[in-house]
Amino acid sequence: SLASIAIVDDHLYALNTTSIIPVDISNLADPEVLDLVTIGTGLETIFPYDGKLFIGSASSLFIYDIVLYKSSPQYLSNFFHATGCDPVVARGNYAYVTIRDGFSCNNRFQLNVLEVINVEDPRNTFSVNQIFLDNPRGLAIGCNNKLFVCDGASGLKQFDLTDPSNPIFEKTYEEYFANDVLFKDDVLILTGEDGIYQFRCTDDDLQLLSKLPISL
């Protein structure tokens, strides 16, 4: 969710601070960089889902269509929010965006929140919920419909998505400084200040598998 590169089928999409950079990778030995799709300023993260690119910028969530426009993503909408660092993931009819303050985030209101956005109609998006946190960062969905939100020094927060419009807080893995999180099948991978952790999803908890100590 902090990624600035995504691969969908035979195309790779990269971000710079102002544009999407589509790359045709159908021939892996000779990838072709296509025309830039200029969006604006402050682009940070990209998340592909259901034929769309969800792009987090400093003050907006942009949605672009790549079903018919793989080589040149087409604008659908943008949802404006308070300025801050803002990773994004999506599932079903909802996108989940974290907004935080901190160095380089330009969040003058010091807002730290998980924003739930209805994207059922990607041309008409709107907020349905806000959950205030301490300093939310990367986030991911997995482990039997759980939402995991990295909350910096406050740990990894787990939410139930039985009602996807209303994430219900379940527990905090407070022993880990949580920066970003992703899933590979039933394995959760967490990056923190002191390394990279791997966890196995179980029915009730996360089971630590390994730690790669790295100073990040």
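Taking only pairs six or more apart or across chains, which ones have beta-carbon atoms under 8 Å, a first residue in the stretch 108-124 that is more than 21 Å from Leu139 (Cβ to Cβ), and a second residue that is modelled with pLDDT of 90 or more?
Going by the 8 Å Cβ cut-off, the qualifying pairs are Arg123/Leu76; Arg123/Ser77; Asn124/Ser77.
Is there any pair linking a residue in the stretch 150-168 that is in contact (Cβ under 8 Å) with a residue 12 or more places away in the chain and more than 17 Å from Val88 (Cα to Cα) to one that is of a type in the set (A, V, I, L, M) and open to solvent by less than 10 Å² (accessible area, probe 1.4 Å), with Cβ under 6 Å and at least six apart or on different chains, and which?
The qualifying pairs are Gly155/Ala178.
Among Ile46, Ile39, which is the only one that is more than 28 Å from Lys184 (Cα to Cα), in contact with a Ser or Thr (Cβ under 9 Å, 6 or more places away or on another chain) and either at pLDDT 95 or above or not basic (Lys, Arg) (or both)? Before you say what the answer is, go through the steps one by one.
Working: Ile46 fails: more than 28 Å from Lys184 (Cα to Cα).
After ruling out the rest, the residue left standing is Ile39.
I'd like to verify a number: residues in the stretch 200-210 that are in a strand (DSSP E or B) and within 18 Å of Lys146 (Cα to Cα), how many?
Summing the residues that are in a strand (DSSP E or B) and within 18 Å of Lys146 (Cα to Cα) in the stretch 200-210 gives 5.
Pairs under 9 Å by beta carbon, first residue more than 14 Å from Asn16 (Cβ to Cβ) in the stretch 55-73, partner of a type in the set (Lys, Arg), six or more apart or different chains?
Close Cβ pairs (under 9 Å, with a partner that is of a type in the set (Lys, Arg)) amount to Ile63/Lys52; Ile63/Arg123; Tyr64/Lys52; Asp65/Lys52; Ile66/Lys52; Val67/Lys52; Pro73/Lys52.
Of the residues that sit in the stretch 174-188 and are over 20 Å from Ala90 (Cα atoms) and surrounded by fewer than 19 Cβ atoms within 10 Å (Cβ to Cβ), which one is farthest from the chain's Cα centre (by Cα)?
By that ranking, first place goes to Glu175.
Mind checking which residues of the stretch 181-199 are in contact (Cβ under 8 Å) with a residue 60 or more places away in the chain and not in a strand (DSSP E or B)?
Those that are in contact (Cβ under 8 Å) with a residue 60 or more places away in the chain and not in a strand (DSSP E or B): none in the stretch 181-199.
The values are calculated or read from the model by the stated rules, or taken from the named source; none is laboratory data. Worth saying up front: this structure is predicted, and the values here are computed from it rather than measured. Cβ sites come from the backbone with ideal geometry, for glycine too, and all protein chains shown count toward neighbours. Just so you know, the surface numbers come from the protein's heavy atoms only, side chains and all, with ligands and any DNA or RNA stripped out. Shrake-Rupley method; radii C 1.70, N 1.55, O 1.52, S 1.80 Å.
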